[in-house]
Amino acid sequence: MNLFETMGMRRRILISGLIGILAGWYCFFLAKTLHQGAGDFHWAIYLANRFLAHQPLYEDTPLYPFTAAFFGLPLVHLPLEVAAGIFYGISSALLAFALTREGYHRLLIFLAYPYWIGMVTVQWSPLIAASAFFPWLLPATMAKPQIGIPVFLSRFSRRGLLACVIFGVITLIAAPRWPLEWIGQFGHYNHFFAILLLPGPLVLLALWRYRDRDAWLLVLSSIMPMRWFYDVFVLWLIPKSSREIMATVFFSWCAGIWRWYHPPTSFDQVGRWIVLSTYLPMLVIVLLRSASPALSPEANDSSLATPYSNAPDRSYRTRT
């Protein structure tokens with residue numbers, strides 16, 4: 001690594017660390033002010049505590065798989081608000097570090113409404129989005145499968161797949177019956193399917209770009225059960241240019257502001273707003289721009305943080 005690369009790496013680490021600290025502090029502040037503990041991350045700590053105490057994991061119907069507990073284990077002895085801040089801060093820092101490999105303009109995705117509403121409720125979306133760039137982090141997609149599966153299937157690599165298999169085996173050794181117990185909780189999850197809400201079926205037009213991994217991320221996400229605006233933050237892996245990012249950020253805040261003044265009355269209504277404000281703008285981006293690199297198991301094995309952009313990829317051209 002030459003001098004300029006070293007300086008660039010230090011700058012990326014500094015900026016990513018600063019974003020992580022600010023995000024973590026503000027998440028802690030919100031959790032403390034709103035008296036909501038660790039928000040959604042509470043379930044990871046809950047499962048971790050029950051595991052350590054040798055108690056039934058799913059006695060109180062937590063909706064998360066046991067895989068989430070392993071992310072809560074290091075933080076079980078901290079106050080919930082502190083754990084929330086650390087979790088969201090680290091997630092944001094990892095995502096920022098990955099994004100800056102492709103250019104600092106991609107940090108604009110942190111302006112998206114789903115990121116901020118995710119901070120209020122301490123969500124997994126930033127960590128799962130970051131896992132798209134790091135094979136060793138891909139097991140994070142197993143903590144919240146409804147948003148993790150689209151990222152895994154559109155961004156997986158051999159090393160990432162191996163990491164997920166090893167992680168899955170470890171969880172089964174620790175609690176062999178957890179998958180069956182977790183499946184029994186599915187009926188408690190309120191959700192919507194974007195593909196079933198008009199004009200959601202239009203998302204299938206993305207398959208016109210079937211060789212584009214972003215098209216598959218969009219379609220796969222639309223057929224998964226979603227709950228709220230924060231679940232679709234992973235779709236901000238799709239826009240690459242500043243113009244694409246800012247356009248999608250704008251539409252996301254249109255929905256956020258509308259929702260503030262017109263509270264939704266059902267999850268289907270939430271889903272329709274998300275389709276209009278997020279899925280359709282992402283669809284336009286996928287259809288109008290030149291294709292991204294196609295799906296490839298080797299895609300993110302080439303480096304610590306492989307870029308997923310429209311930039312030329314020599315190794316990809318060689319393989320094809």
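The values are calculated or read from the model by the stated rules, or taken from the named source; none is laboratory data. Since this is a predicted model, take the numbers as computed values, not measurements. Cβ sites come from the backbone with ideal geometry, for glycine too, and all protein chains shown count toward neighbours.
Keeping to the stretch 158-195, report how many residues are in contact (Cβ under 8 Å) with a residue 60 or more places away in the chain, within 26 Å of R227 (Cβ to Cβ) and among the hydrophobic types (A, V, I, L, M, F, W, C).
Selection size over the stretch 158-195: 7.
Give the residue that is farthest from G39 (Cα to Cα), with candidates limited to residues of the stretch 206-229 that are in a helix (DSSP H, G or I) and among the charged types (D, E, K, R).
Among them, the one singled out is R209.
Can you confirm whether A98 is buried (at least 23 other Cβ atoms within 10 Å of the Cβ), in contact with a Leu (Cβ under 8 Å, 6 or more places away or on another chain) and under 26 Å from E244 (Cα atoms)?
no
Restricting to the stretch 119-155, and then to whatever is crowded, with 24+ Cβ neighbours inside 10 Å and of a type in the set (F, W, Y), can you tell me which residue is nearest to the chain's Cα centre (by Cα)?
That would be W124.
For the stretch 29-76, enumerate the residues that are among the β-branched types (V, I, T) and closer than 20 Å to S91 by Cα.
The answer is I45, T67, V76.
I'd like to check something: does the stretch 8-16 contain any residue that is touching a helix residue (DSSP H, G or I) at 6+ places or on another chain (Cβ under 9 Å), surrounded by 13 or more Cβ atoms within 10 Å (Cβ to Cβ) and under 21 Å from I147 (Cβ atoms)?
No, because not a single residue in the stretch 8-16 is touching a helix residue (DSSP H, G or I) at 6+ places or on another chain (Cβ under 9 Å), surrounded by 13 or more Cβ atoms within 10 Å (Cβ to Cβ) and under 21 Å from I147 (Cβ atoms).
For the condition among the basic types (K, R), under 19 Å from V120 (Cα atoms) and in contact with a helix residue (DSSP H, G or I) (Cβ under 9 Å, 6 or more places away or on another chain), what is the one hit in R289, R259? Reasoning before the result, please.
Details: R289 fails: under 19 Å from V120 (Cα atoms).
That would be R259, the only listed residue that is among the basic types (K, R), under 19 Å from V120 (Cα atoms) and in contact with a helix residue (DSSP H, G or I) (Cβ under 9 Å, 6 or more places away or on another chain).
Restricting to the stretch 158-205, give me the number of residues that are part of a helix (DSSP H, G or I) and not hydrophobic (A, V, I, L, M, F, W, C).
11
Considering only the stretch 59-84, how many residues are more than 18 Å from A140 (Cβ to Cβ), assigned to a helix (DSSP H, G or I) and not charged (D, E, K, R)?
Going through the stretch 59-84 one residue at a time, the tally reaches 2.
Based on what the data block shows, is A143 touching a residue at least 40 places away in the same chain (Cβ under 8 Å) and closer than 26 Å to V219 by Cα? Show your work before the answer.
Values: touching a residue at least 40 places away in the same chain (Cβ under 8 Å): yes; closer than 26 Å to V219 by Cα: yes.
It is true that A143 is touching a residue at least 40 places away in the same chain (Cβ under 8 Å) and closer than 26 Å to V219 by Cα.
So A68 clears everything in (1) surrounded by fewer than 19 Cβ atoms within 10 Å (Cβ to Cβ); (2) under 16 Å from T171 (Cα atoms) except one condition, right? Which one?
(1)
Any idea how many residues of the stretch 173-199 are within 12 Å of T67 (Cα to Cα) and surrounded by 13 or more Cβ atoms within 10 Å (Cβ to Cβ)?
4
Could you pull out the residue among E81, E102 that is in contact (Cβ under 8 Å) with a residue 60 or more places away in the chain and in contact with a Phe, Trp or Tyr (Cβ under 9 Å, 6 or more places away or on another chain)?
E102
Please state which of the following conditions F66 fails to meet, knowing it meets all the rest: (1) under 21 Å from Y230 (Cβ atoms); (2) hydrophobic (A, V, I, L, M, F, W, C); (3) modelled with pLDDT of 90 or more.
It is condition (1) that F66 fails.
Going through L217, L237 one at a time, which residue ends up being surrounded by 24 or more Cβ atoms within 10 Å (Cβ to Cβ), touching an Asp or Glu at 6+ places or on another chain (Cβ under 8 Å), among the hydrophobic types (A, V, I, L, M, F, W, C) and within 12 Å of I147 (Cβ to Cβ)?
L237
Go through the stretch 241-280 and count every residue that is of a type in the set (S, T, N, Q) and over 18 Å from S221 (Cα atoms). Outline the logic, then answer.
We begin by selecting, within the stretch 241-280, every residue of a type in the set (S, T, N, Q); these are 241-242, 248, 252, 265-266, 269, 277-278.
In the following step, the residues that additionally are over 18 Å from S221 (Cα atoms) were identified as 241-242, 265-266.
Here the count works out to 4.
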